[in-house]
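K.L.:
Just passing along the structure, written as structure tokens.
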Amino acid sequence: MMAKTYCPYFDPEYENLSARINPPRVSIDNTSCSDCTLIKVDSMNKPGILLEVVQILTDLDLVVRKAYISSDGGWFMDVFHVTDQQGNKITDYKTIEYIDKVLGPKGHLTDRIKMWTGKRVGIHSIGEHTAIELIGKDRPGLLSEISAVLAGLQINVVAAEVWTHNMRIACVLYVNDESTSHVVDDPNKLSDMEDQLRNILRGCDTGDNDRDNKVARTSFSMGFTHIDRRLHQMFFADKDYETCSPDPDSDCPPSSKPIVTIDHCEEKGYSMVNIRCKDRPKLLFDVVCTLTDMQYVVFHAAVSSDGPDALQEYYIRHRDGCTLDAEGEKERVVKCLEAAVQRRVSEVRSENFVGDNETIYQLMRFHISILNHGLTLFSRLEDMILHPSWTF
């Protein structure tokens with residue numbers, strides 16, 4: 001007879017006990033500052049909470065003009081000075097209500113996933129669609145060939161996001177089956193699509209140096225990761241930050257390169273990271289996302305915009321409690337943060353192309369190369385959608 005064994009019982013609600021005793025509080029203040037809305041967030045501290053809050057503000061297209069962050073100990077206290085894209089205070093009732101709902105006492109991570117699915121990568125990220133991840137060497141005409149393969153397999157491109165950096169391309173495509181307008185679930189079609197896309201990407205890797213010899217990859221995303229964070233993760237895994245030589249096709253002058261320094265704050269036992277670069281939307285998210293995925297914890301931070309420039313100061317430690325002491329690790333963090341700041345320059349996003357692969361194909365043919373031309377091409381992309389009869 002087998003002996004009985006006993007295991008300790010853990011109440012599944014215990015994990016949320018602290019949050020129930022000390023629920024998060026959010027304050028949205030339009031009176032204290034003449035030109036910004038102040039969003040104050042107080043809650044129990046937990047891993048990843050800073051990225052979670054910044055991600056929500058970023059997804060609402062809010063511009064963070066200043067931020068003061070403190071999460072040393074068991075409590076998380078942040079103040080964000082934000083405006084809309086036009087530089088105005090946040091007065092839209094629905095936006096205020098949403099911020100209060102997701103960051104306040106009733107906000108839970110699962111609810112945020114359900115309410116903000118369009119920003120996530122996964123099999124059901126945008127309705128019933130399949131997410132395809134591609135990464136490889138960039139070259140003129142690459143997106144045109146990818147679109148032609150999908151059109152030949154009778155697969156619709158519903159939405160896409162494409163970044164390039166250091167002659168590498170990372171892309172997330174949302175697709176569905178043209179015949180059903182649902183997830184592509186035919187294993188033969190999935191296999192054909194993966195093989196053909198991989199062959200196209202491999203065809204780009206013909207160089208002799210280390211950068212050109214990086215492996216091209218095609219995969220189907222099964223997780224529920226924020227799409228911008230996933231693109232950062234794809235580039236980080238691809239080690240795009242290791243390429244130091246300037247891109248010959250880049251429109252960015254050397255003077256626009258971010259300045260990143262790391263010093264040791266001996267008094268408090270932190271590593272102090274300073275970033276000075278040209279200000280732009282989503283900059284705070286890109287930096288916090290990179291530090292988080294590199295397993296660094298932000299204990300204090302101050303962020304501000306000084307005219308066209310952004311100044312960011314972070315006091316960090318590794319998750320194991322160690323500071324950045326080794327020169328090799330310092331250099332790696334500096335390169336990763338420089339890459340995180342520069343990647344989004346070439347961002348191209350497209351949506352709502354269901355049933356119109358011909359427009360996609362024409363767009364991709366026009367879109368000869370997106371190397372650091374994302375902002376210009378985005379306006380042309382809108383022209384293509386609004387005026388399909390135009391010839392570019």
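The values are calculated or read from the model by the stated rules, or taken from the named source; none is laboratory data. In this text the structure is predicted, and so the values were computed from the model without any measurement. All Cβ positions, even for glycine, are placed from backbone atoms using ideal geometry, and neighbour counts span all protein chains on display. Keep in mind that these areas ignore ligands, DNA and RNA; they rest on the heavy atoms of the full protein, side chains included. Shrake-Rupley method; radii C 1.70, N 1.55, O 1.52, S 1.80 Å.
K.L.:
Over the range 134-179, with every protein chain in place, what whole percent of the accessible area is carbon and sulfur at 1.4 Å, could you tell me?
P.N.:
Carbon with sulfur: 54 percent of the solvent-accessible area.
K.L.:
So how much slack lies between K268 and Q85, counting 0.36 nm per residue of separation and subtracting their Cα-Cα distance, in nm?
P.N.:
My answer for the length gained is 62.2 nm.
K.L.:
For the ranges 84-93, 134-143, what's the packing order if you count other beta-carbon atoms within 10 Å of each residue, average per peptide, and put the highest first?
P.N.:
For the peptides 84-93, 134-143, the packing ranking is 134-143, 84-93.
K.L.:
Now, a different point. Pull out the extension gain between D61 and T180, defined as 0.36 nm times the separation in residues minus the alpha carbon to alpha carbon distance; nm, one decimal.
P.N.:
39.5 nm
K.L.:
Set the Förster distance to 56 Å, then compute FRET efficiency between S32 and E194 from the Cβ-Cβ distance, nearest 0.05.
P.N.:
0.55
K.L.:
If you stretched the chain out fully between R280 and D42, how much longer would it get, using 0.36 nm times the residue separation minus the C-alpha to C-alpha distance?
P.N.:
83.0 nm
K.L.:
In nm, give the distance between the simple-model label positions of S304 and E331, each being 7 Å from the Cα along the Cα-to-Cβ direction.
P.N.:
3.4
K.L.:
Would you list R230, R344 from the most to the least accessible area, probe 1.4 Å?
P.N.:
R230, R344
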